[in-house]
1. Tell me, in nm to one decimal, what length is gained between Ala58 and Gln74 on full extension, where the rule is 0.36 nm per residue of separation less the Cα-Cα distance?
2. Would you mind classifying region 66-111 by shape? Square roots of the alpha carbon gyration tensor eigenvalues, ordered a ≥ b ≥ c; an a/c under 1.5 is rounded, otherwise it is prolate if a/b is larger than b/c and oblate if not.
3. Quick one: Karplus J couplings for region 281-297, per residue in order, coefficients 6.51, -1.76, 1.60, θ = phi - 60°, nearest Hz, x for Gly and Pro?
4. What's the carbon and sulfur percent of region 86-126's accessible surface, probe 1.4 angstrom, rounded to a whole number?
5. For Ala296 paired with Asp128, estimate the spin-label separation in nm (one decimal), with each label point 7 Å from Cα along the Cα-to-Cβ line.
6. Relative contact order for region 51-210 using alpha-carbon pairs under 8 Å, separation at least 6, rounded to a whole percent?
7. Work out, step by step, the length gained on full extension between Trp145 and Cys269: first 0.36 nm times the residue separation, then minus their alpha carbon distance; give nm to one decimal.
8. Tell me the accessible surface of Val160 in square angstrom (1.4 angstrom probe, heavy atoms of protein chains only), to the nearest ten.
Amino acid sequence: MGKAKKTKKKKEQAPTGLLSVRDAEAEADEAEMQIEVLTDCHSGTIAGIIEKLQCGGAEAKECACNTVASLVLQKESIDLIAKSSVLRIVAPLLIDESAQVRMSAAGALRNVSACGGMDICESMVKFDTLTPLLSLLKKHYSSPWVKDKDKQLKSAKSFVDTHTETFIHAVHLLWNLCESSSAAVKVFNTENLLPILVPALQAETHGLDAAIAVARCCHAVSEDNPQFAMVANSTDLSSTLTSLIGGEASTPAHLLLKCLAVGVSLNICGGSLECNTVLPVMKVLSASLALNAVAALADLSKKLHVSIRCSHNSASLSSSLLSPRVGNYLT
């Protein structure tokens with residue numbers, strides 16, 4: 001005769017269909033244990049990050065910053081990073097001698113400000129993140145600069161325009177801080193940043209991504225900010241916005257830039273447009289409403305799917321400390 005097959009004892013279910021008190025307590029204990037294990041794992045990772053940031057060379061610092069940029073994509077990691085000294089150590093790297101380190105530090109802080117919400121952004125302002133951020137913008141972007149198109153054409157797949165990417169990360173960081181902190185907006189008003197930012201609205205020269213980043217930042221800062229309007233009158237902002245509004249929109253990204261230009265213009269003039277600007281604004285609004293929203297959402301869904309898959313692939317904490325570069329940057 002063959003062996004008798006043992007039947008597994010099924011878990012008894014309460015007549016009400018609900019968990020018993022004993023089962024509920026057991027599940028709660030198991031969940032708490034998992035959280036403790038995960039916290040210990042993340043704490044060890046953060047300790048490794050701090051060690052690389054403080055004791056490592058340029059490559060180690062770049063790697064550690066990329067790890068931070070990836071780590072904050074996990075909600076449970078954000079509070080641990082905020083409570084540690086990581087942000088205080090990363091911020092000064094915005095003015096590091098290495099261009100790669102500056103780019104990685106800006107990208108990491110950008111992700112932290114995007115994932116952490118208002119409270120984290122307020123903490124970043126209190127940690128004086130703005131001082132090295134403003135130093136970065138003033139030191140490296142006050143003079144005229146252009147997007148390096150020649151090298152990009154030679155090696156489209158592998159080339160990274162470090163100078164431009166750092167600027168984009170820095171402006172996104174500035175935007176997130178100003179949107180969450182009134183103290184950051186006051187600093188923006190007093191530090192005369194518009195002459196640095198306005199030239200980058202020229203997408204043909206500095207690239208569309210840089211132009212959109214600056215437009216987003218200006219749109220947020222200019223809202224209910226009379227001082228911004230006063231400073232804007234002393235720059236080329238108004239004429240640049242007029243040029244953007246009246247320009248062609250060959251792609252949805254160009255249309256986004258035009259819409260942001262309209263928003264900044266409305267904020268500056270307090271919502272009352274001059275007669276000669278009404279028609280161009282109406283054309284922008286008409287083009288926005290005519291956009292195929294279904295196709296745009298389908299394209300966005302594909303991009304999000306790819307982004308989430310890449311995020312999952314880079315989620316291993318043990319290997320992330322050794323990864324050369326993480327490209328998951330948020331708004």
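The values are calculated or read from the model by the stated rules, or taken from the named source; none is laboratory data. Here the structure is a predicted model, which is why all the values come from computation and not from measurement. Cβ atoms come from the backbone with ideal geometry, glycine included; neighbour counts cover every protein chain shown. Surface areas here come from the heavy atoms of the whole protein model, side chains and all, with no ligands, DNA or RNA. Shrake-Rupley method; radii C 1.70, N 1.55, O 1.52, S 1.80 Å.
1. 3.2 nm
2. Numbers: a/c = 3.33, a/b = 1.73, b/c = 1.93.
In terms of gyration-tensor shape, oblate.
3. 5, 5, 5, 5, 5, 5, 5, 5, 6, 7, 5, 6, 5, 5, 5, 5, 5
4. 49 percent
5. Calculated label separation equals 4.3 nm.
6. Relative contact order for region 51-210 comes out at 23 percent.
7. That works out to 41.7 nm of additional length.
8. Estimated to the nearest 10 Å², Val160 gives 60 Å².
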